[in-house]
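All remarks here apply to the structure that follows.
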Ligand code: NZQ
Ligand code: ZN
């Protein structure tokens, strides 16, 4: 296991009926609030009114950045920065899914950055400046953005979707009320669960040895997702199913399963290119890519880990490691399919036309050529994308 710091200070307020705590939370940071939200789901579920009621009664001055897109755009970030500077915003309140929270994070940092927001994003993980404080109310279990310091922003004019992160962007407080996710439709529930699963997979398949704790936690969280996503799809108001997905989302990407391991992720760098060029749903892209990436990564050196995954996550009974590994990959594929996720790229409107440029950018924007679990060059990425053109079988 490698050395690591684990200092994730987000104050998590988990559970239902806790919105009355909002004034006390906001008062820690100031009166001028920028409320950030997406395309209107929070109004449909009545959450907007409840939040406004609390803020108004508390005497907050509330400004709004509405309409944050799934795969949030830098143009929206710029709008938020303008409001923050003009209205002397003290604290941001993001109410929504990962896109809304990510947008708010980058607004919070870019407001205190001298240059343009996109120049700031281009600094990626090296960013280390200050940010305005951020409070979040999560409405979709998926990204883990509620308890991490990263954000992903898109610039569709340059076909770039890039991750950026700074310790100052970590939310100060996050409200995780599973009832706020009852209204998430089947497609987004399945996509969000695939995203959680993928975060666990990305951290699980790293080259660092001796990480039993991280790997066991990951296996347990994967099993929880496998159990609870189908329940949430069938019974959208099953509180415990939603609660388990929500908490799994948070723990999958707050450092718990990834710290102590080094190396680049494999599927996210490729998915971000699919989203950058075709604006598809992040979790769906990951579900399509993951089993094909697994097949690419399975070899004599990695078979032991893939067999462990098959045995511990999928309860595969086959004893021969290579065969067990293949069955594990098949089960992963079948599971996503059973959640009604489209499992080929043509089903989400993508053909081979831009494979070469997307593969090139995936390699250029990330360290997958040197530091991925199994290193990938442009041709390898293209091969994985080609395997996503049709239905697959792994055994
Ligand atoms: O915009 P609204 O109207 O709110 O609707 C959203 C959106 O259409 C809807 N939704 C959210 N909560 C709902 C709801 N609909 C009904 N009821 C609710 N309670 O769901 C749709 C998708 O929302 P979005 O926020 O885009 O989804 P998600 O949470 O999956 O976030 C995806 C974004 O996060 C990035 C992705 O790349 C993508 O841009 N990621 C962020 C990460 C991070 N910050 O750590 C890591 C991830 O790997 C990921 O890359
Ligand atoms: Zn993700």
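The values are calculated or read from the model by the stated rules, or taken from the named source; none is laboratory data. Owing to the predicted nature of the structure, the values given are computational and were not obtained by experimental measurement. So basically every Cβ, Gly included, is an ideal-geometry build from the backbone, and we count neighbours across all protein chains shown.
The figures follow:
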{"item": "Residue within segment 201-221 that is in contact with a helix residue (DSSP H, G or I) (Cβ under 7 Å, 6 or more places away or on another chain), within 25 Å of residue 12 (Cα to Cα) and within 11 Å of ligand 1 (Cβ to nearest atom) present", "result": "yes"}
{"item": "Residue count, segment 111-121 (criterion: loosely packed, with under 15 Cβ neighbours inside 10 Å and assigned to a loop (DSSP other than H, G, I, E, B))", "result": "3"}
{"item": "Given (1) over 21 Å from the mean Cα position of the chain (by Cα); (2) surrounded by 15 or more Cβ atoms within 10 Å (Cβ to Cβ); (3) in contact (Cβ under 8 Å) with a residue 12 or more places away in the chain, index of the condition residue 318 fails", "result": "(3)"}
{"item": "Residue list for segment 193-225, filter: assigned to a helix (DSSP H, G or I) and surrounded by fewer than 17 Cβ atoms within 10 Å (Cβ to Cβ)", "result": "212, 213, 216, 220, 223"}
{"item": "Output for segment 348-374, where each listed residue is within 18 Å of residue 201 (Cα to Cα) and either in contact with a strand residue (DSSP E or B) (Cβ under 9 Å, 6 or more places away or on another chain) or part of a helix (DSSP H, G or I) (or both)", "result": "366, 367, 368, 371, 372, 373"}
{"item": "Check on residue 298, under 18 Å from the mean Cα position of the chain (by Cα), at pLDDT 95 or above and surrounded by fewer than 24 Cβ atoms within 10 Å (Cβ to Cβ)", "result": "no"}
{"item": "Candidates 192, 163, filtered to the one that is at pLDDT below 95 and under 26 Å from residue 336 (Cα atoms)", "result": "163"}
{"item": "Long-range neighbours under 8 Å by Cβ, at least six apart or interchain, first residue outside the structural domain of residue 135 (by the TED database) within segment 86-115, second modelled with pLDDT under 95", "result": "none"}
{"item": "Residue satisfying all of: in segment 252-271; within 11 Å of ligand 2 (Cβ to nearest atom) and outside any helix (DSSP H, G or I); nearest to the chain's Cα centre (by Cα) among these", "result": "253"}
{"item": "Any hit, segment 272-290, residues being touching a residue at least 60 places away in the same chain (Cβ under 8 Å), within 13 Å of ligand 2 (Cβ to nearest atom) and in contact with a strand residue (DSSP E or B) (Cβ under 6 Å, 6 or more places away or on another chain)", "result": "yes"}
{"item": "Answer from 194, 151, 190 - the residue that is near ligand 1 (Cβ under 10 Å from one of its atoms), out of contact with any strand residue (DSSP E or B) (no Cβ under 6 Å at 6 or more places or on another chain), touching a residue at least 24 places away in the same chain (Cβ under 8 Å) and closer than 19 Å to residue 282 by Cβ", "result": "194"}
{"item": "Those residues of segment 71-108 which are within 9 Å of ligand 1 (Cβ to nearest atom) and either over 22 Å from residue 167 (Cα atoms) or surrounded by fewer than 24 Cβ atoms within 10 Å (Cβ to Cβ) (or both), in sequence order", "result": "71"}
{"item": "Test for residue 68: is it crowded, with 21+ Cβ neighbours inside 10 Å, in contact with a helix residue (DSSP H, G or I) (Cβ under 6 Å, 6 or more places away or on another chain) and part of a loop (DSSP other than H, G, I, E, B)", "result": "yes"}
{"item": "Segment 14-65, subset part of a helix (DSSP H, G or I) and within 14 Å of ligand 1 (Cβ to nearest atom), residue surrounded by the fewest Cβ atoms within 10 Å (Cβ to Cβ)", "result": "44"}
{"item": "Matching residues, segment 130-160, being in a strand (DSSP E or B) and buried (at least 24 other Cβ atoms within 10 Å of the Cβ)", "result": "134, 135, 136, 137, 138, 151, 152, 153, 154"}
